[in-house]
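What follows is a short report on a single structure.
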2 protein chains.
Amino acid sequence: MTQEQYSKYSFLLDRTARKVKQYAQQQFKSGDFDVTVDQWLVLKNLSENDVLSQTELANLVFKDHPTLTRIIDLLCKKGYVERMPHPQDRRSFQLHLTETGVSKVTSLRPEILHIREKAWENLSTHDFEEFKRILNTIYQNLNGESFDQ
Amino acid sequence: MTQEQYSKYSFLLDRTARKVKQYAQQQFKSGDFDVTVDQWLVLKNLSENDVLSQTELANLVFKDHPTLTRIIDLLCKKGYVERMPHPQDRRSFQLHLTETGVSKVTSLRPEILHIREKAWENLSTHDFEEFKRILNTIYQNLNGESFDQ
DNA sequence: TACCAATAGTTAGTGTGACAAATATATAAA
DNA sequence: TTTATATATTTGTCACACTAACTATTGGTA
């Protein structure tokens, strides 16, 4: 195995990640889900945690603060999320789903699980475990200081 | 294995792909490479093919035409690439590296191979083959009509 | 009290990605 | 030859990623 061959992983990884996002986004669109793939990730995490600050949420979804600010802006505009002032810390917000947001998550969750299955045709449970292990190893190799998940 | 667990691959895949790009970009920056990760991919492919049209190049690097147009614009501005008119087809360009572009690729290639190795610490050659197989299977599962590579 | 470093979040700038539509040119069909 | 269709590239718009710089606030410390 030469260095040159090893370097291909970055290309295949990027290409596949984009394809996965693009496929899901097309399905989201044809189903009139009214959210993007990344907005869904945020909604899903908010639905699993009663109240979160933007920093806590950013750590859950592994997005940086500016990106999260904009996603939250869009979700607020769409009426799925509300920023409530933190009772003790005036710098911070407490994020939570609106009623509309809760019912949006409830109605979309099964459809999205179904969309996500398509990628695993022709692959086994063992493949899935290996895939997760390799992805996490790569992530940790490049993540410098800290260990995540 | 529940549906719910399967759906995590998209999160891990996206997270890892971003980390890989981010890590490389940081190394590119601290080494004053004067190109982005995506610009490098384009330069590398141009260096391996004497003359390409934008459409041919787009198919090689799996980027869409508008994205490629803009990357080429930047590389031309930096003086690494030139658009030459196609002798028979006035709609098309023939892309090629300038002398500066050629020497840029020559000087960066070994450094970038070295950067790319970091991700594979603690992983085996077999892992690498499995990883490629799984990525390509996912890609093909979602790619609808055609078979790529 | 006054200062100062750390933290929460936002804004701005650049690059990239996806998609739709527009422009120009080439080629095939009538 | 005229018309229709296909191809190559560009432009515009929205969303996301990353960096740097900025505001406001908090908490510790002299």
What number of residues within the stretch B:85-98 are within 10 Å of DNA strand D (Cβ to nearest atom) and open to solvent by 20 Å² or more (accessible area, probe 1.4 Å)? 8
How many residues does the stretch B:30-54 contain that are more than 14 Å from chain A (Cβ to nearest Cβ) and away from DNA strand C (no atom under 11 Å from the Cβ)? 10
Any helices (runs of 4 or more DSSP H) falling wholly within the stretch B:46-149 and containing at least 1 residues that are free of Cβ contacts under 8 Å to residues at least 40 places away in the same chain and touching a Cys at 6+ places or on another chain (Cβ under 8 Å): none
Within the stretch B:1-29, can you find the residues that are near DNA strand D (Cβ under 10 Å from one of its atoms) and more than 7 Å from chain A (Cβ to nearest Cβ)? B:ARG18, B:GLN22, B:GLN25, B:GLN26, B:LYS29
Only one of A:LEU41, A:LEU13 is within 12 Å of the chain's Cα centre (by Cα) and buried (at least 18 other Cβ atoms within 10 Å of the Cβ). Can you tell me which? A:LEU41
Among the residues of the stretch B:33-56, are any of a type outside the set (Val, Ile, Thr) and on the phi > 0 side of the Ramachandran plot? yes
Selection count, the stretch B:119-135, where residues are surrounded by 12 or more Cβ atoms within 10 Å (Cβ to Cβ) and not acidic (Asp, Glu): 9
Working carefully through the options A:ASP64, A:ASP73, find the one that is at pLDDT 95 or above, within 18 Å of B:ARG18 (Cα to Cα) and within 13 Å of DNA strand C (Cβ to nearest atom). A:ASP64
Determine if the stretch A:46-56 includes at least one residue that is over 16 Å from the mean Cα position of the chain (by Cα) and either closer than 30 Å to B:PRO110 by Cβ or open to solvent by less than 80 Å² (accessible area, probe 1.4 Å) (or both). yes
Among the residues that make up the stretch B:102-118, is at least one of them in contact with a helix residue (DSSP H, G or I) (Cβ under 9 Å, 6 or more places away or on another chain), more than 7 Å from chain A (Cβ to nearest Cβ), farther than 25 Å from B:GLN22 by Cβ and surrounded by 15 or more Cβ atoms within 10 Å (Cβ to Cβ)? yes
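The values are calculated or read from the model by the stated rules, or taken from the named source; none is laboratory data. Keep in mind the model is a prediction, meaning the values are calculated, not measured. Neighbour counts are summed over all protein chains in view; Cβ atoms, including those assigned to glycine, are modelled from backbone coordinates with ideal geometry. Accessible surface areas use protein heavy atoms only, side chains included; no ligands, DNA or RNA. Shrake-Rupley method; radii C 1.70, N 1.55, O 1.52, S 1.80 Å.
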